[in-house]
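For reference, the structure is listed below as structure tokens.
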Amino acid sequence: MNYKIQTLNNISKKGLKILSDNYTVLDQPENPDAILLRSFKMHDMDLPASVKFVGRAGAGVNNIPLDKCSEKGIVVCNSPGANANAVKELVIAGMLISSRKVVDGIEWSNTLVDKGDEVPALVEKGKSAFSGPELYGKKIGVIGLGAIGVLVANMAVDLGMKVYGFDPFISINNAWGLSRKVRRAASKEQIFKNCDYISLHIPFMEETKDYVNANLLKDTKEGLRLLNFARGGLVNYDALENAIEEGIVASYVTDFPNERLLKMKNVINIPHLGASTPESEENCAEMVIHSLKEYLENGNIINSVNYPDCDMGICESANRITVNHANVPNMLGQITKILADNDINISIMTNKNRGAWAYTMIDVDCNVGEDVKTALKGIKGVTRVRIIK
């Protein structure tokens, strides 16, 4: 079978090389099976009925209409953690430039270009204006211990900092990867009261909007250097500006500039460089293309953001049926009844759910006809049915 893949942005060529000759990659193919993108905004885009998969070569999916995709039975996957090392390295840079005034010093040095032999003496005289504290021995709080947060916390340990982590939802895998020297904080309030540096690594959603607000900042340790390489909406700008004016926040480093931040003092605006490395782009592409292949060829879902992850490996039976559907009672009963009515024996079955949506995979001992597929698609709440192999 030949699969047609539409790309909405430039995707790493190294990642695309993973695809076999069974895949055709074009900018605008007719009736694509899948879409790959990075930052392209899809919200106003018409999605052909042929699209089964949308892959985001990156972590954030705000540019993808998740509700519309879910209702159409389109699985959306991203590449979490693929850019983790790139972001970690930029966090190191952010910590240093917020402390040592390196950027200010470089800009000042460039003003001495016409001073000739006076430059060395002027440098010695002026350098005191750009002094700042070392990182060693300071306290840093890392909020959010996912793929990036764990790397940042461990890096801070290696730099000789006293590291505190806060994440009530930390996964077992990420906990295993965390240095034993990272102290557990009981709350975000504890982090803000005690730490000299704080690095945010949590997703942006309705629950985390204005996560850093006036109430949190009022008891913050004076002279805080706050780093945000996660999402801009996590910080309330009114509260931030007041905290800067009062000397509570000494510096705010963000990877998400806007007009207001550019005018605010003591804010270091980095132009969204967190994942801007060739290695990161390759890792993101490779990860999401692996998910694409697994879904189209085997029906397995890996790193989905709208349907549950579900993996039954390679199908060893005659056929594999996959059903994307609403997470409602009696769905499995209706599916299995149709198979039983058609004398189809189930070899293996898996059902997983995620919020309002669910996914069922069934390996069966005989070939499944179009009439069975049509009957399954007729069940209320079913968004897509595929017969694989």
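Below, the figures for the structure above:
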read-out	value
Lone qualifier among ASN345, ASN367, ASN327, ASN353 - being in contact with a strand residue (DSSP E or B) (Cβ under 8 Å, 6 or more places away or on another chain) and more than 27 Å from SER291 (Cα to Cα)	ASN345
Only one of ILE379, ILE321 that is buried (at least 17 other Cβ atoms within 10 Å of the Cβ) and farther than 19 Å from ASN300 by Cα	ILE379
Test: residue in the stretch 250-271 that is under 22 Å from ASN10 (Cα atoms) and of a type in the set (Val, Ile, Thr)	no
Subset of the stretch 335-376 [among the charged types (D, E, K, R) and within 15 Å of ARG320 (Cα to Cα)]	ASP363, ASP365, GLU370, LYS373
Condition check for THR220: over 21 Å from PRO271 (Cα atoms), over 26 Å from the mean Cα position of the chain (by Cα) and polar (S, T, N, Q)	yes
Only listed residue being in contact with a His (Cβ under 6 Å, 6 or more places away or on another chain) and within 23 Å of GLU222 (Cα to Cα), chosen from GLY144, GLY160, GLY137	GLY144
Meets criteria (within 21 Å of ASN154 (Cα to Cα) and either among the β-branched types (Val, Ile, Thr) or touching a residue at least 12 places away in the same chain (Cβ under 8 Å) (or both)) for LEU227	yes
Boolean, TYR307 is crowded, with 22+ Cβ neighbours inside 10 Å, aromatic (Phe, Trp, Tyr), under 22 Å from HIS201 (Cβ atoms) and within 28 Å of the chain's Cα centre (by Cα)	no
For LYS139: the one exception among (1) within 18 Å of CYS195 (Cα to Cα); (2) charged (D, E, K, R); (3) free of Cβ contacts under 8 Å to residues at least 40 places away in the same chain	(3)
Identity of the residue in the stretch 258-270, over 13 Å from GLY94 (Cβ atoms) and of a type outside the set (S, T, N, Q), that ends up surrounded by the fewest Cβ atoms within 10 Å (Cβ to Cβ)	GLU259
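We did not get these values from a lab; they are worked out from the coordinates using the rules stated. Bear in mind that the values here come from a model prediction, so they are computed numbers and not experimental data. Positions of Cβ are backbone-derived with ideal geometry, glycine not excepted, and every protein chain shown enters the neighbour counts.
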